[in-house]
Amino acid sequence: MSDPLRLGIAGLGTVGAGVVKIVRQKAALLEARSGRRIVVTAVSARNRDKDRGVNLKDYAWEDDPVVLATRDDVDVYVELMGGSDGPAKASVEAALKAGKDVVTANKALLAHHGQALAELAEANGAVLRFEAAVAGGIPVIKALTEGLAGNDILRVMGVMNGTCNYILTRMEDAGLSYEEAFAEADGLGYLEADPNLDVGGIDAGHKLSLLAAIAFGTQVNFDGVELEGIGAITIEDIRQAADMGYRIKLLGVARMTGRGLEQSMMPCLVPMKSPLGQLTGGTNMVVIEGDQVGQIVMRGAGAGEGPTASAVMGDVMDVARDLRVSTFGQAASGLVAAVPARATTPAPYYIRTCLVDKPGALAKVAAALGEAGVSIHRMRQYDHTNETAPVLVVTHKTTRAALDEALAAIEALAVVVQTPVALRIEEV
């Protein structure tokens with residue numbers, strides 16, 4: 001019989017408590033599937049006295065997670081505190097330097113320090129696993145590093161922030177304004193302490209940068225992600241997009257081009273009948289396109305106790321089975337620094353503006369688009385209100401540079417009374 005695999009867990013919030021519950025309640029199943037007993041030996045959190053709904057009396061307690069990470073009776077350090085620096089970074093570094101394997105759900109830590117930590121893990125014969133850091137219970141990291149390892153990845157995209165998807169879904173279903181849907185999500189406890197991490201696209205951008213590193217064999221480059229949140233999306237945008245057969249999603253897209261690595265996390269239109277277009281509520285979806293396998297669609301819960309703890313335990317089970325995969329799917333020393341490229345791959349765009357209700361106004365917008373080399377696919381003018389007319393344009397494929405030139409020209413027109421809003425249409 002193999003020795004038990006001993007876990008030290010730092011962070012006993014929703015996910016940490018969920019991991020303890022799985023270890024306690026599913027001990028026989030875990031041992032049958034891994035060939036080893038899996039036990040918790042020590043834990044750490046900011047508050048010893050908080051009721052977490054799980055019995056912790058059998059475990060040693062450390063106030064300092066760095067001390068926990070280096071205990072002799074800890075084989076795997078499970079970091080669930082969060083934060084890109086501070087105790088999370090210090091304790092993970094301490095564990096890796098001590099040659100201990102690390103499992104984390106900390107996307108911010110890896111987005112900012114992933115390359116250095118991967119190199120540290122390899123230098124000390126340890127593994128660093130982070131399935132729970134991206135898309136909750138969806139095993140997308142394992143899919144990229146293992147199941148799709150024989151593919152050149154062409155594109156990775158997805159909806160990776162359930163809060164944003166919930167807000168956009170509620171706006172459409174209930175006819176709420178952005179502010180009303182935001183307040184509802186906040187009241188339900190869906191938003192981070194800093195809401196901009198969610199609605200500003202930062203949280204999802206962290207996740208996209210990790211997937212891109214694995215998919216394209218590059219060093220993590222979160223600074224290269226183009227970020228745009230959902231705060232400017234109106235109920236009119238949602239209704240008009242639906243009228244044209246689209247839904248608006250905060251969509252992450254990464255692809256390698258001749259110019260470099262494109263990474264964008266921003267509101268996009270997707271076909272209403274596509275898998276992404278049918279995604280509702282707080283669910284996540286990741287779409288991977290490989291040269292051999294074609295398109296793979298993975299859908300599931302992107303957060304919550306059970307799904308995220310499930311992902312943590314998937315990594316723990318791999319360690320128990322002695323499946324030792326490099327952090328980003330290949331040796332950290334072989335990862336190249338990504339050349340960041342703005343997302344300029346030609347695509348159709350949705351443009352919304354408002355014009356003075358005068359003869360020839362629409363023709364001036366069409367002329368501005370044409371002069372910039374942007375071809376119109378569809379144009380629609382809505383009911384007049386207060387002597388102005390909302391106008392919606394869907395273009396044929398065009399470059400972002402040509403679109404920006406057209407938008408600047410449109411905004412300068414005397415007949416335009418509203419700054420144009422432009423959203424990329426992503427083909428799925």
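Run the quick spin-label model on Ala174 and Leu154: label points 7 Å from Cα toward the beta carbon, then report their separation in nm to one decimal.
Calculated label separation equals 4.0 nm.
Angle check, please: helix 361-371 long axis (alpha carbons) against the longest principal axis of the chain (alpha carbons), in degrees 0 to 90, nearest 10.
Compared with the principal axis, the helix lies near 60 degrees.
For the stretch 71-133 and the stretch 159-173, what is the separation of their C-alpha centers, rounded to whole Å?
Using only Cα atoms to place each centre, the spacing works out to 31 Å.
Can you give me the angle between helix 86-97 and the longest principal axis of the chain, using Cα atoms only, in degrees from 0 to 90, rounded to the nearest 10?
50 degrees
Can you pull the percent of the chain's accessible area that's carbon plus sulfur, 1.4 Å probe, other chains left in place?
49 percent
Please compute the length gained on full extension between Ala367 and Leu188, using 0.36 nm multiplied by the number of residues separating them and subtracting their Cα-Cα distance.
Result for the pair: 59.7 nm of gain on full extension.
Determine, from the Cβ-Cβ distance of Asp72 and Ala28 and an R0 of 35 Å, the FRET efficiency 1/(1 + (r/R0)^6), rounded to the nearest 0.05.
It comes to 0.85.
Looking at this model, which pairs from Lys26/Lys249; Lys273/Lys397; Lys107/Lys397; Lys21/Lys142 are more than 28 angstrom apart at the alpha-carbon?
Distance filter (> 28 Å) returns Lys26/Lys249; Lys107/Lys397.
Could you work out the Kirkwood radius for the chain, taking every pair of different alpha carbons, averaging 1/r and inverting it, reported in Å?
23.0 Å
Could you state the accessible area per residue of the chain in Å², with a 1.4 Å probe and every protein chain left in place?
Result: 41 Å² of accessible area for each residue.
Grab the Cα-Cα distance for Gln292 and Ser375, subtract it from 0.36 nm times how many residues apart they are, and report the gain in nm with one decimal.
Full extension from Gln292 to Ser375 adds 26.5 nm.
Quote the convex hull volume per residue of the stretch 96-148, based on C-alpha atoms, as a whole number of Å³.
Taking only Cα atoms, the stretch 96-148 has a hull volume of 80 Å³ per residue.
For the chain, with a Gaussian network of springs between Cα atoms less than 10 Å apart, report the residue from Leu29, Leu148, Leu80 with the top mean-square fluctuation.
The residue that fluctuates most here is Leu29.
For the stretch 229-315, what is one quarter of the convex hull surface built on the Cα atoms, given in nm²?
Its average projected convex-hull area is 8.2 nm².
Summing Lys, Arg as +1 and Asp, Glu as -1, what charge do residues with Cβ under 10 Å from the Cβ of Arg170 carry, Arg170 excluded?
With Lys, Arg at +1 and Asp, Glu at -1, the neighbours total -4.
Antiparallel as a % of all DSSP beta bridges within the chain, to the nearest 5?
Around 65 percent of the beta bridges assigned by DSSP in the chain are antiparallel ones.
Of the GluC sites (Glu not before Pro) in the stretch 14-97, which ones lie in a loop per DSSP and count no more than 11 other C-beta atoms within 10 Å?
none
When you take every Cα atom in the stretch 269-428, what is the radius of gyration, and what is Dmax, the widest Cα pair distance, in Å?
22.7, 73
Springs between alpha-carbon pairs under 10 angstrom, Gaussian network model over the chain: which of Gly83, Gly162, Gly334 fluctuates most?
So, out of Gly83, Gly162, Gly334, the one fluctuating most is Gly334.
For the chain, with a Gaussian network of springs between Cα atoms less than 10 Å apart, report the residue from Arg170, Arg400, Arg48 with the top mean-square fluctuation.
Arg48
When the Kirkwood hydrodynamic radius is evaluated over all pairs of different C-alpha atoms of the stretch 1-86, what value in angstrom, to one decimal, is obtained?
About 13.3 Å for the stretch 1-86.
Please give the FRET efficiency for Thr14 paired with Thr419, using the beta carbon to beta carbon distance and R0 = 35 Å, rounded to the nearest 0.05.
Result of the calculation: an efficiency of 0.30.
Assuming R0 = 35 Å, what is the FRET efficiency of Met272 and Val54, from their Cβ-Cβ distance, to the nearest 0.05?
The formula returns an efficiency of 0.25 here.
The values are calculated or read from the model by the stated rules, or taken from the named source; none is laboratory data. These numbers come from a predicted model, not from an experiment. Note that each Cβ is placed from the backbone with ideal geometry, even for glycine, and that neighbours are counted across all protein chains shown. We work out accessible area using only protein heavy atoms, side chains counted, and drop any ligands, DNA or RNA first. Shrake-Rupley method; radii C 1.70, N 1.55, O 1.52, S 1.80 Å.
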